[in-house]
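Down below is the structure, laid out as structure tokens.
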Amino acid sequence: MMALPRAAARFTLHFLLPLRCVSCTSPVGTPDSLCADCWQKISFIEKPWCQRLGTPFAYDVGEGSWSPQAIASPPIFDRLRSVAFYEGPARDLVIALKFFRQRELAKPMGRWMSRAGSELLKEDSLIVPVPLHWLRLLSRRFNQSADLARVIAKECGGQFEPELLKRRKKTRRQVGLSAKARQKNVRSAFSVDQTRSGQIQGRHVVLIDDVITTGSTIAACSKTLLSAGAASVDVLTFAYADTSNHAGASTSGKP
Ligand SMILES: [Zn+2]
């Protein structure tokens with residue numbers, strides 16, 4: 001009976017260390033969860049939404065409808081889905097994972113992403129994180145998007161591919177750049193690993209990132225994957241920053 005001591009140890013651990021909300025550290029009843037207060041403060045993105053950009057509609061206009069933004073400026077990828085708007089506790093979680101290195105957050109965040117992106121994720125999908133340049137990876141020591149992608153691949157049974165897409169140019173941070181400058185900044189920044197290009201032919205790719213802000217990085221990655229032979233690219237992010245000048249996913253977000 002090996003299970004009993006382990007269960008007893010876990011019980012003791014829970015007794016000594018009460019479970020905490022993953023965002024604000026208030027006590028909660030279940031592991032890897034949010035307290036009621038944080039749950040209420042998160043702007044979850046819910047149906048009905050735009051089939052392409054996943055942005056919510058104020059009222060139901062029918063399954064498969066496109067938002068005016070998607071019609072005016074169709075994204076290069078097929079569909080985008082995100083868990084929540086980039087504000088409140090959702091923003092705190094993204095920042096805690098990326099800059100405060102709370103890597104354990106990838107587990108609950110990745111699970112929420114799997115749920116939000118369930119219609120995109122298939123067992124034969126390639127789950128590809130937006131890569132960091134190796135120099136940035138060296139200083140940050142981990143790629144938060146790869147941590148999320150690993151959890152998502154495990155949840156959906158898809159193929160985790162952290163090395164397929166490479167960032168060959170160390171791009172400037174996108175913050176503070178104009179839409180045109182952002183596109184120029186990431187143009188030709190990505191490439192598919194030449195030794196593994198055969199693996200991408202005709203495959204469905206789900207591109208993973210922690211947050212979509214300008215859309216230009218996602219657009220550049222999608223373009224690279226499609227040029228390398230991917231059959232289709234969908235995008236799944238934890239948060240969606242409501243900016244008015246998206247390059248790849250032009251939208252004003254909330255209707
Ligand atoms: Zn909380």
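None of the figures in this text is laboratory data; all of them are computed from the coordinates on show. Just so we're clear, the structure is a prediction, and the values are computed from it rather than from any experiment. So basically every Cβ, Gly included, is an ideal-geometry build from the backbone, and we count neighbours across all protein chains shown.
Above 12 angstrom, tally the Cα pairs of segment 67-121 and express them as a % of all pairs, no decimals.
Values: 1062 of 1485 pairs.
The calculated P(r) of segment 67-121 puts 72 percent of pairs beyond 12 Å.
Given a 10 angstrom Cα cut-off, can you work out which residue in Arg150, Arg111, Arg101 is the most mobile in a GNM of the chain?
Comparing Arg150, Arg111, Arg101 in the GNM, the peak value goes to Arg101.
Rounded to the nearest 5, what % of the DSSP beta bridges within the chain are antiparallel ones? Intermediate results must be reported in sequence, preceding the final value.
Values: 6 of 25 bridges.
Bridges in the chain are about 25 percent antiparallel.
Between Ser65 and Ala36, what is the label-to-label distance in nm when each label sits 7 Å out along the Cα-to-Cβ direction?
According to this spin-label approximation, the distance is 3.4 nm.
Can you tell which of Leu135, Leu105, Leu53 shows the greatest fluctuation in a Gaussian network model of the chain with Cα springs below 10 Å?
Leu135
Running a GNM on the chain with Cα contacts under 10 Å, which residue among Ala96, Ala36, Ala146 ends up with the highest mean-square fluctuation?
Result for the chain, Cα springs under 10 Å: Ala36 fluctuates most.
Just tell me which lysines come within less than 30 Å, Cα to Cα, of Lys180; anything on the same chain fewer than 8 places away is out.
List returned: Lys98, Lys166, Lys169, Lys170, Lys223, Lys254.
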